[in-house]
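Participant: Structure incoming, see below.
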Amino acid sequence: MTSVDVHQHLWTPSLVAALRARREPPFLDGWTLRLHGEPPFEVPPGDHDIAGRAELAAADGLGRVLVSLSSPIGVEWLPAAEARPLLDAYHEGSAALPEPFGAWAAACVRDVDANAAAKDLDRGFAGLQLPANALADAAGYARCAPLLDLLEERGLPLFVHPGPAPAESAGPGWWPAMVPYVQQMHAAWFAFRAFGRPRHPGLRVCFALLAGLAPLHGERFAARGGGAEADVDPGVFVETSSYGPHAVDATVRALGAEAVVQGSDRPYAQPPLNPGFGLGGAAAYAFRVANPQRLLTGR
């Protein structure tokens with residue numbers, strides 16, 4: 001069976017060209033990314049060299065790497081007329097990536113169009129990524145319901161990734177990753193339990209960055225009447241990007257090893273040197289092989 005990393009980012013030439021064609025955020029000025037809610041970011045071109053990234057994947061022992069649109073850029077939140085050229089460029093480039101790459105599809109969440117998402121998924125994408133701030137409450141789940149219905153009908157998973165940081169967010173360069181992104185994932189985790197799972201009983205879902213460590217709040221959840229602390233959903237997974245042995249160990253204690261899959265967020269973070277995070281070879285196999293297989297196929 002194949003070792004999988006479910007969370008990387010790789011900007012193809014078509015996406016780069018589409019971002020450079022814009023004059024309002026989000027856009028690329030050369031290799032400087034300009035967004036609404038974050039300071040300008042200098043993108044190292046080598047991070048998105050396709051051949052180089054394939055070599056890194058091979059060195060990591062990965063047989064499959066799933067790339068996704070960088071949701072903090074904010075493409076999914078643009079009006080459909082602005083989002084569609086960028087989404088088309090992303091899907092075109094990602095669908096043409098060589099082995100070992102696969103990809104998550106993306107969709108506009110401001111103007112939801114399930115028919116457009118269906119056509120994108122027809123190209124062989126692993127599932128659909130949506131920004132966490134689109135799935136943070138009941139209204140978000142109502143708005144995105146046609147997209148989630150589509151995934152359920154096709155037996156494909158949902159990947160929840162941090163969305164754009166608020167425009168008023170301020171602080172040092174690490175602030176968006178440590179505060180808004182984590183807060184979004186925390187909210188999305190509990191919103192899925194409250195609003196997503198009741199409406200979508202068959203949907204498999206994976207939360208980026210260990211769901212902002214929301215699973216570690218099980219004791220408080222139980223104390224405040226939310227439900228049993230050990231009430232684990234077998235269709236829910238979390239990926240490990242940017243975290244290490246302490247956080248992964250605690251998450252395994254909260255959810256069990258069957259809920260954890262490897263995600264690295266490369267090039268913004270690196271895959272773990274120890275894929276078992278100090279928990280042994282069986283854990284490494286579960287995180288990289290068995291659990292991603294269940295997430296992606298349901299088997």
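The values are calculated or read from the model by the stated rules, or taken from the named source; none is laboratory data. Small disclaimer: the values here were computed from a predicted structure and weren't measured. Virtual Cβ from ideal backbone geometry, glycine too; neighbours counted across all protein chains shown.
Participant: Considering only residues that are surrounded by fewer than 17 Cβ atoms within 10 Å (Cβ to Cβ) and touching a residue at least 12 places away in the same chain (Cβ under 8 Å), which ones fall in the stretch 266-281?
Facilitator: Of everything in the stretch 266-281, those that are surrounded by fewer than 17 Cβ atoms within 10 Å (Cβ to Cβ) and touching a residue at least 12 places away in the same chain (Cβ under 8 Å) turn out to be Y268, N274, G278.
Participant: Looking at the stretch 79-99, can you tell me whether even one residue there is touching a Pro at 6+ places or on another chain (Cβ under 9 Å) and of a type in the set (F, W, Y)?
Facilitator: Taking every residue of the stretch 79-99 in turn, none turns out to be touching a Pro at 6+ places or on another chain (Cβ under 9 Å) and of a type in the set (F, W, Y).
Participant: V261 versus (1) at pLDDT 90 or above; (2) surrounded by fewer than 20 Cβ atoms within 10 Å (Cβ to Cβ): which is the lone unmet condition?
Facilitator: (2)
One line per residue, one yes/no per condition, for (1) crowded, with 19+ Cβ neighbours inside 10 Å; (2) more than 30 Å from R154 (Cβ to Cβ); (3) more than 19 Å from the chain's Cα centre (by Cα):
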site	(1), (2), (3)
P201	no, no, yes
V205	yes, no, no
T240	yes, no, no
G244	no, yes, no
G256	no, no, yes
L296	yes, no, no
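Participant: Do any helices (runs of 4 or more DSSP H) lying entirely in the stretch 217-299 carry at least 2 residues that are within 26 Å of D47 (Cβ to Cβ) and out of contact with any helix residue (DSSP H, G or I) (no Cβ under 9 Å at 6 or more places or on another chain), and which ones are they?
Facilitator: Once the helices (runs of 4 or more DSSP H) in the stretch 217-299 are filtered for at least 2 residues that are within 26 Å of D47 (Cβ to Cβ) and out of contact with any helix residue (DSSP H, G or I) (no Cβ under 9 Å at 6 or more places or on another chain), what remains is 291-297.
Participant: To continue, here is another question. Please give the number of the condition A81 fails out of (1) part of a helix (DSSP H, G or I); (2) touching a helix residue (DSSP H, G or I) at 6+ places or on another chain (Cβ under 6 Å); (3) free of Cβ contacts under 8 Å to residues at least 60 places away in the same chain.
Facilitator: (2)
Participant: Let me ask something else. Look through the stretch 56-113, keep the residues that are of a type in the set (F, W, Y) and under 20 Å from P292 (Cα atoms), and return whichever of them is nearest to the chain's Cα centre (by Cα).
Facilitator: Of everything passing the filter in the stretch 56-113, W104 is nearest to the chain's Cα centre (by Cα).
Participant: Can you find a residue that is part of a helix (DSSP H, G or I), under 17 Å from the mean Cα position of the chain (by Cα) and modelled with pLDDT of 95 or more anywhere in the stretch 160-179?
Facilitator: Among the residues of the stretch 160-179, not one is part of a helix (DSSP H, G or I), under 17 Å from the mean Cα position of the chain (by Cα) and modelled with pLDDT of 95 or more, which makes the answer no.
Participant: Here's another thing I want to ask about it. Just one of V205, V232 is of a type in the set (V, I, T), over 27 Å from R266 (Cα atoms) and without any contact (Cβ under 8 Å) to a residue 60 or more places away in the chain; which is it?
Facilitator: Residue meeting the stated conditions: V232.
Participant: Please find, among L151, L97, L86, L130, the residue that is surrounded by 15 or more Cβ atoms within 10 Å (Cβ to Cβ) and assigned to a strand (DSSP E or B).
Facilitator: Going through L151, L97, L86, L130 in turn, the sole match is L130.
Participant: So, one more: Being under 24 Å from Q270 (Cα atoms), of a type in the set (S, T, Y) and assigned to a helix (DSSP H, G or I) is the filter here; which residues of the stretch 1-46 pass it?
Facilitator: Hits for the stretch 1-46: nothing passes.
Participant: Same structure, new question: Return the residues of the stretch 207-238 that are surrounded by 13 or more Cβ atoms within 10 Å (Cβ to Cβ), of a type in the set (A, V, I, L, M) and either modelled with pLDDT of 95 or more or more than 30 Å from R154 (Cα to Cα) (or both); say none if nothing qualifies.
Facilitator: Residues satisfying the conditions are A208, L209, L210, A211, L213, A214, L216, A222, V236, V238.
Participant: Would you check which residues across the stretch 114-127 are surrounded by 16 or more Cβ atoms within 10 Å (Cβ to Cβ), without any contact (Cβ under 8 Å) to a residue 60 or more places away in the chain and part of a loop (DSSP other than H, G, I, E, B) and list them?
Facilitator: F125
Participant: Could we say that G202 is within 24 Å of T251 (Cα to Cα), at pLDDT 95 or above, small (G, A, S) and in a helix (DSSP H, G or I) here?
Facilitator: It is false that G202 is within 24 Å of T251 (Cα to Cα), at pLDDT 95 or above, small (G, A, S) and in a helix (DSSP H, G or I).
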